[in-house]
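The values are calculated or read from the model by the stated rules, or taken from the named source; none is laboratory data. Every value quoted in this text rests on a predicted model; they were computed, and no experiment measured them. Counting neighbours? That spans all protein chains shown, and the Cβs are built from the backbone with ideal geometry, glycine included.
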Amino acid sequence: MIPTHPVEADDRLWRRVRRVFRLPSTRRRRAVELDEELRFHIEGRIDELMAAEGLSRDAAEREARRRFGDLAHYRSQASDIDEAIHRGRVRMEIRDALVREVRQSVRTLLRTPVFSLITVATLALGIGAATAVFTLLDAVVLRPLPYANADRLVSMASPVPKLKGQTRWGVARHEMYYFLAQGHSLENMGVYQTSNATVLGRASGERPERVRMVQTSASLFNVLGFTPLHGRLFVPADNRLRPPTVAILSYGYWQRRFAGDRSALGQTIDVEGYPLTIVGVLPPNANLPDLDAALWMPAYVDSTTNWNNHTWSAIARLRPGFTAQDAERDLAPLTARLPEAYPQVYGKNWITRTGFRTEVTSLRDAVVGDTVSRALWTLFGSVALVLLIAGANVANLFLVRVDTRRRDVALRTALGADRSHLAWHYLTESMLLAGVAALLAMGTAYTLVHLMLALAPSELPRLSEVTVGGASIAFALGAALLSGIVFGVLQISGGHLDLAALRDGGRGATTARSRLSARRLLVAAQMAFAVVLLSAAALMFRTFDNLRHVHPGFDANGVLTMEISLPDAKYGGNDAADRASNFHEQLAARVRALPGVTHVGLTDRLPILSGDWCTGITIEGPTPETVHGACPPAALISPGYFETIGTRVEGRTLDWSGMDAHDGLMVVSKAFAEHWWPGQDPIGKGAKFNGSKPPFYRVAGVAEDVRALGVDKPPIEIVYFPMRPIPGAPLPGPPTYMYLTLRTTAAHPLTLANTVARIAQELEPQAAVANPQMMDTILAKSIARQSFTMVLLLIAATMALVLSAVGLYGVISYLVVQRRSEIGVRMALGAQMGEVTGMVLRQSLGVAALGVVAGVLGALVVTRFLSALLYGVTPTDPATLGIVPLILLAVSALASYAPARRAARIDPVEALRND
Amino acid sequence: MAQDLDLIRGTLDLLVLRTLSWGPMHGLAVTRWIEQSSERRLQIEEGALYPALHRLEQKRLLQSEWGYTDQGRRARFYKITAAGRKHLSSELSRWSRYTEAVSLVLTAAPA
């Protein structure tokens, strides 16, 4: 049935209202109109039939409906079409409006090119810098590690506070079986060690190369969720063979060495003298966190390997629902019972004597670490501040724009221009600017990310995962969208209903003044942010400078180092130490003869590079005392080492003829001597490695202390043994893996490395020479985290300083224009140019001072987050926090000088005439 | 009825456009016109006209507007657009080519 809608007056009125206000038709309206149309047809037919054929009304209606057919069907068909028409119209209207708005906005923006350009550039720089650092933060800190179930992966270590303070031991192999069998929290666990290994060339003439190698339990692949690309992974049986017989290649090494040829499977390669059959290739990116291992080898891991050998790295996968803390609680009682479970490994009181426990950390925290994530968050905070400062500048520009358009807008509003239309126009304008800025920002971010990657310290984890991807783009777009909305709303709220502008002769004194104070506040906030950033940067600069001037206990300039390794398989047995020492002695003699080389020496432990280590030392005395309370590191050295590295020695050092004659002379560091022989002359005292019976090595000289763990760490005690042991007093191992150091005056020292490699291989064809580096590079890298943070903070602080100076300049210039007539009056009344300049400067410095005070307060809070990175300077260093405000005030004075001069040159007559 | 519809579907649009090419009309007037000019030989189910009219409006071949009849009643009037005329003329020539071809076949006899 057709519902009967009487066409009443209110219906017509509604139609008129709708037309006047251009309201879109509603679904109900369309239904009513369709019904009306159809009813008209049927009613017309009825009238016709009644008139022409004399039918009764009922008969006529029946006939009309019969002729019409299925009314409901046709009605719904027509109605569907109507809805489609309506949708099409709405779509078109929106598109038209958008095109119209954008076209109009582009036109107005192009009319003020300077404004548009500065806005876009400022935003692009701010967003770009923030996006770049966000990219780094996201890849390193925020994103989960690239493994399946990465959130369930944990790493394990064992602090032994009573032995080694903050240093952590690794996990012993038997612990893996013990924890997996007795614990409830672990699903699977793998242990591994990483090292550098020598891989011999397959053909004669192919040089041996050094590659990163992982020796692992088969279970590690399961923990990390790896599947082989070709071939197979390790199985537990591989772990029970000594020496190992199989190897797996990383994708990269397979590509590099075998050009991605599948026939690599089944081939044999010589690793450290052991022939290994290649059984598998890993897919790309299957690697240990932050390690580019080329080669994987099964470690000797068996449930029967019960040695107190806590040197293994361990990664475990938690059972679902367990956290790292749960696992630590789960393993704590098991760790405490280790001596009961393995009485042959641990002494009874071992746990209490050492404070040994098992620490479980989420793998991501273990990889990224607290200092790194803190440093990156700090940097992100600093670029966010820069973005805020940039935003404040743009906001200021928009406020100026609102002011200059004020009359125009007020006029239009008064003439009845649609207010919502104005709002749409503002929003389109700011969105357009933000959109262009976002595009440029992505380009900026891309460049900055690559710049940062080039600068970044190599120990910054997960750098290989850093790419400008979806998250970065989303960040840039999000920041742009937000600023677009903010600036749009800012204009709308600043520009609407400003009818007062018409009344007061176009200056709108009151409203302009309130906006001016808002802009002063914005500039003060900018200044405050700049102070915070500048303080942080200055503290980092002080840190960097302090670190550079720390004397590390050696002289890095002109010292070239490289690793020399001799194959374990060939240099084994009882006389290995002598044969290896002979090799090194010949090598040193020939290298010293090279032109430009002044000193040559060898050591197995290079400061900074070798990290922390620990050796059991016995000191000769009435009751031989094993020094394991502190566990001082011992190094093997050759004669000439101290002269080469530039560590000063009081007394004698080693010489070749003496060492070859087993004179048993050794050197100890000053700290060691003072610790173990306080108040005595250490020369002639005896010490040895493991064991308490004579013979002992005799102290011949005392070396100055070396900051072997890094220039920002205190120096450590070191015992220097000759690399050639005396009979009856063996040393930690044969010198098969040594650093050769040479001091040179050559202009391009690194080229010497090839010559050394050639000599080494003439003496021993299987010797591998790797990683030639200048000692000063090693030193610089060791403070790269600080220098990286410093450089980025300096860049951010400079941007902040420039942007806030520009902001201040803009506001003061505007202030001068605003007060033109007032200044004119003053000058007409006899004010001097200097007075006017002073007045403007005072205004400007007032704003700056406000910002500086707020900034110093902010800096006192914020710089505390930097304290982990600082060296030799406190986060609230008075000198630093005192000088930064002065810099800011000086820059402020500079920025406002030009507008102040302009104010002083105002011609009073002209100023008053124009009013 | 269904047969009728099938027959009409393709040609109804053509009939409507042709009818409206003489001037704006409401739906009932279009029906009457087709009825009379076909000498009542084309039995169209009248309701089918409305989906056709709305569809033609969707294709922008027609425009509609509410107005008043001579008797002062409100009705929706349809008007052919320029695009509608163009469409009509091409459809007309297509139609006549088609019917000529069909009648050639139908009237041809084996020699």
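Points worth noting:
- Subset of the range A:213-251 [among the charged types (D, E, K, R), closer than 15 Å to residue A:280 by Cα and surrounded by fewer than 17 Cβ atoms within 10 Å (Cβ to Cβ)]: A:232
- Filter result (more than 12 Å from chain B (Cβ to nearest Cβ) and either polar (S, T, N, Q) or in contact (Cβ under 8 Å) with a residue 12 or more places away in the chain (or both)) within the range A:26-42: A:26, A:27, A:31
- Verdict on residue A:647 being under 30 Å from residue A:870 (Cβ atoms) and either touching a residue at least 12 places away in the same chain (Cβ under 8 Å) or assigned to a loop (DSSP other than H, G, I, E, B) (or both): yes
- Residue match in the range B:52-65 (condition: on the phi > 0 side of the Ramachandran plot, of a type in the set (D, E, K, R) and free of Cβ contacts under 8 Å to residues at least 60 places away in the same chain): yes
- Residue match in the range A:78-90 (condition: polar (S, T, N, Q), within 20 Å of residue B:52 (Cβ to Cβ), without any contact (Cβ under 8 Å) to a residue 24 or more places away in the chain and assigned by TED's automatic domain parsing to the domain that holds residue A:29): no
- Figure legend. Inter-residue proximity from the range A:167-190: first residues at negative phi, second residues of a type in the set (Phe, Trp, Tyr) and assigned to a strand (DSSP E or B), beta-carbon distance below 9 Å, spacing 6+ or different chains. Indicated pairs: A:170/A:312; A:171/A:312; A:172/A:312; A:173/A:312; A:175/A:312; A:176/A:312.
- Any chance residue A:126 is within 9 Å of another protein chain (Cβ to nearest Cβ) and either in contact with a Leu (Cβ under 6 Å, 6 or more places away or on another chain) or surrounded by 18 or more Cβ atoms within 10 Å (Cβ to Cβ) (or both): no
- Of residues in the range B:19-41 being more than 13 Å from chain A (Cβ to nearest Cβ) and hydrophobic (A, V, I, L, M, F, W, C), the one surrounded by the most Cβ atoms within 10 Å (Cβ to Cβ): B:20
- Residue that is farthest from the chain's Cα centre (by Cα), among those in the range B:60-75 that are more than 10 Å from chain A (Cβ to nearest Cβ) and either basic (Lys, Arg) or surrounded by 14 or more Cβ atoms within 10 Å (Cβ to Cβ) (or both): B:63
- Condition check for residue B:57: part of a helix (DSSP H, G or I), of a type in the set (D, E, K, R), under 27 Å from residue A:90 (Cβ atoms) and within 11 Å of another protein chain (Cβ to nearest Cβ): yes
- Residue that is farthest from residue A:66 (Cα to Cα), among those in the range B:42-51 that are at the interface with another protein chain (Cβ under 7 Å from one of its Cβ atoms) and touching a residue at least 40 places away in the same chain (Cβ under 8 Å): B:48
- Selected residue [under 56 Å from the mean Cα position of the chain (by Cα) and either within 14 Å of chain B (Cβ to nearest Cβ) or not aliphatic (A, V, I, L, M) (or both)] from A:75, A:89, A:57, A:62: A:89
- The strands (runs of 3 or more DSSP E) falling completely within the range A:553-630 that include 2 or more residues that are crowded, with 17+ Cβ neighbours inside 10 Å, among the hydroxyl-bearing types (Ser, Thr, Tyr) and on the phi < 0 side of the Ramachandran plot map to A:559-565.
- On inspection, residue A:181 does not qualify as of a type in the set (Gly, Ala, Ser) and either in a loop (DSSP other than H, G, I, E, B) or buried (at least 20 other Cβ atoms within 10 Å of the Cβ) (or both).
- Here A:113, A:146 are screened, and the one residue that is within 29 Å of residue A:473 (Cα to Cα), surrounded by fewer than 13 Cβ atoms within 10 Å (Cβ to Cβ) and under 38 Å from the mean Cα position of the chain (by Cα) is A:113.
- Taking the conditions (1) within 11 Å of another protein chain (Cβ to nearest Cβ); (2) among the aromatic types (Phe, Trp, Tyr); (3) free of Cβ contacts under 8 Å to residues at least 40 places away in the same chain in turn, residue B:78 satisfies each one other than (3).
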